[in-house]
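The structure under discussion appears below in the form of structure tokens.
FYI, it's all coordinate maths here, none of it is from the lab. Values in this document were obtained by computation on a predicted structure and should not be read as measured data. Note: ideal-geometry Cβ built from the backbone for every residue, glycine included; neighbour counts use all protein chains shown.
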Amino acid sequence: MSFTFERRINYYETDRMGVVHHSNYIRFLEEARCAMLDANNMPYSSYENQDVMIPVLGANLTFKHHVTFDDVILITPFVKEFNGVRLTIGYKVTEKNTGALVLTGETKHCFTDTNLKPVRLQNQIPNFYEKFMKLKEEAK
């Protein structure tokens, strides 16, 4: 299932030049990632309720075009890599009205217990493991 998250840009997210400050994109991607999990019946709270965390290990973003206050962006997150312990989510961000490519990127994650020790999702939450495997296949 392809998932797209829509978001309007707020004035406070822009810089002196009137464009979205680059630091805000990390937040936007997190919002889209959490919405994707919700849409797939794997809300982040379900992980925490089962003592599983999903910390961010890294992010790599390439900016292609700027957006400004009141623009609407469409963020399409997808499972790029997944092995049960590590997860890479890819992102494509476009401006809704023009279709301009705003950003491409990825965030890398791992699944851990509450002490930040890596865990295998297949052992901790098997049905979520299966859903991620399906999402990975669908993204190909």
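Its residue count N fixes a reference of 2.2 N^0.38 Å for the stretch 1-85, and the Cα radius of gyration divided by that reference is 1.24.
Holding the Cα-Cα limit at 21 Å, pick out from Lys108/Lys140; Lys92/Lys136; Lys64/Lys131; Lys80/Lys134 the pairs that are longer than that.
Lys64/Lys131
With each label modelled as a point 7 angstrom along the Cα→C-beta vector, the Thr114-Leu74 pair spans 4.1 nm. Full extension of the chain between Asp38 and Lys140 yields a length gain of 34.6 nm, computed as 0.36 nm times the residue separation minus the alpha carbon distance. Between 0 and 90 degrees, the angle of helix 24-39 with respect to the longest Cα principal axis of the chain falls at about 50 degrees.
Against the empirical 2.2 N^0.38 Å scaling, what ratio does the C-alpha Rg of the stretch 11-140 come to?
With N residues counted in the stretch 11-140, Rg over 2.2 N^0.38 Å equals 1.13.
With a cut-off of 20 Å on the backbone N, the residues of the stretch 34-67 near the modelled label site 7 Å out from Arg86 along Cα-Cβ are 53-62.
Summarising the label geometry, the points placed 7 Å from Cα in the beta-carbon direction at Arg8 and His21 lie 2.2 nm from one another. In the chain, a dipole from Cβ-located charges (positive for Lys and Arg, negative for Asp and Glu) runs towards its positive end, and of Thr88, Ile125, Ile54 it is Thr88 whose Cα lies farthest in that direction. Axis angle, to the nearest 10 degrees, between helix 126-139 and the longest C-alpha principal axis of the chain: 40 degrees.
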